[in-house]
1. Show the residue pairs that are 6+ apart or on different chains and have beta-carbon atoms under 7 Å apart, the first residue being within region 55-82 and assigned by TED's automatic domain parsing to the domain that holds residue 118, the second being assigned to a loop (DSSP other than H, G, I, E, B) and at pLDDT 90 or above.
2. Quick one: is residue 122 surrounded by 19 or more Cβ atoms within 10 Å (Cβ to Cβ) and either out of contact with any helix residue (DSSP H, G or I) (no Cβ under 9 Å at 6 or more places or on another chain) or not in a helix (DSSP H, G or I) (or both)?
3. Please go through region 159-188 and give me each residue that is in a loop (DSSP other than H, G, I, E, B) and either crowded, with 22+ Cβ neighbours inside 10 Å or in contact with a helix residue (DSSP H, G or I) (Cβ under 6 Å, 6 or more places away or on another chain) (or both), ordered by number.
4. Looking at region 224-254 only, could you name the residues that are crowded, with 23+ Cβ neighbours inside 10 Å and either at positive phi or outside the structural domain of residue 296 (by TED's automatic domain parsing) (or both)?
5. Being closer than 30 Å to residue 165 by Cβ, outside the structural domain of residue 201 (by TED's automatic domain parsing) and either touching a residue at least 12 places away in the same chain (Cβ under 8 Å) or not in a loop (DSSP other than H, G, I, E, B) (or both) is the requirement here; does residue 101 meet it?
6. If you go through region 200-223 one residue at a time, do you hit one that is within 21 Å of residue 155 (Cα to Cα), in the same structural domain as residue 158 (by TED's automatic domain parsing) and surrounded by 21 or more Cβ atoms within 10 Å (Cβ to Cβ)?
7. Looking for something part of a strand (DSSP E or B), assigned by TED's automatic domain parsing to the domain that holds residue 318 and more than 18 Å from the chain's Cα centre (by Cα) - is there at least one such residue anywhere in region 136-158?
8. Take region 219-245 and flag every residue that is out of contact with any strand residue (DSSP E or B) (no Cβ under 8 Å at 6 or more places or on another chain), assigned to a helix (DSSP H, G or I) and modelled with pLDDT of 90 or more.
């Protein structure tokens, strides 16, 4: 879900058009459906969502599972089109999880970008909420890369450009994603020309222009920006830091900040202590290294913006190397295998450690561990 407060909007009465807010204990369950998520969402969109989920969709195979949700493939009966359905169980859902769901749906519904996952519909039924999104049948981006037999710096550059364009769009409409990582970069299908889409806006938040008005610690330890760990206010620049980490991994196959000891990992992140190790970086261009350094800058005010990065010579130049990155591909295969295996095992531990380092609570639902 996401990092949210425990205040939710509810109707003042059955026939009233006004809304009020109620403060509830953070751990209180919302039960089956006392809070009108659909109404909260419809206040922010042009058209109301449809009704009658079972009349419109037939659920199919399970794609993934979580504590309170399951993602399944589904068939839209009127059109015959396949979609992905996130089925969220209402029973046991906390107020902060409910508000996170509302925020995610509202933000996704506003998104209109070719590299951001599309939310098609939302339903509130007796026992479940259903989020209907496009079916990302191609799996994770990193999973596709490691299947390649040939991989170059130019390919990595092109992927980073697409990600930056998506984040520039988000930042232009004052949305901060707050949890950019490989798991959230998905492919529409299994063909070579598949589109890349940014997914999972469960931690996303609206901000006021360039203000550093966010304060709740959240994200994924290996990709989290230093200002989040330091406990101060933060803003759009946290997304740029995460893209810097992803770019580094794409070019060498392992993360810039890694340590078996989680406390040591976070200290490295706060110091911005990373290097371009030889021989892994010997064949990577100086342009690429400078590009990464502009993102992995500890002070947010000195970090490049998405607009500035899209104008960088590494992105706009025509001479980016097409030489095979053999060592990077091998390292990336090892990293990807470890990442997938370690993520679930370390989720609880990472949450506990990050909570101790940060002055405010951190949600556990998106915490993963990045280990080289």
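1. Partner pairs satisfying both residue conditions: 56/77; 56/78; 57/77; 58/77; 73/135; 82/135.
2. When the stated conditions are applied, residue 122 passes them.
3. Passing the criteria: 177, 178, 179, 180, 181.
4. If the condition is that a residue be crowded, with 23+ Cβ neighbours inside 10 Å and either at positive phi or outside the structural domain of residue 296 (by TED's automatic domain parsing) (or both), then 253 is the only one that fits.
5. yes
6. no
7. So far as region 136-158 goes, yes, one or more of its residues are part of a strand (DSSP E or B), assigned by TED's automatic domain parsing to the domain that holds residue 318 and more than 18 Å from the chain's Cα centre (by Cα).
8. 222, 223, 226, 229, 237, 240, 241, 242, 243, 244, 245
The values are calculated or read from the model by the stated rules, or taken from the named source; none is laboratory data. Bear in mind the structure is a predicted one, so any value in this text is a computation, not a measurement. Virtual Cβ from ideal backbone geometry, glycine too; neighbours counted across all protein chains shown.
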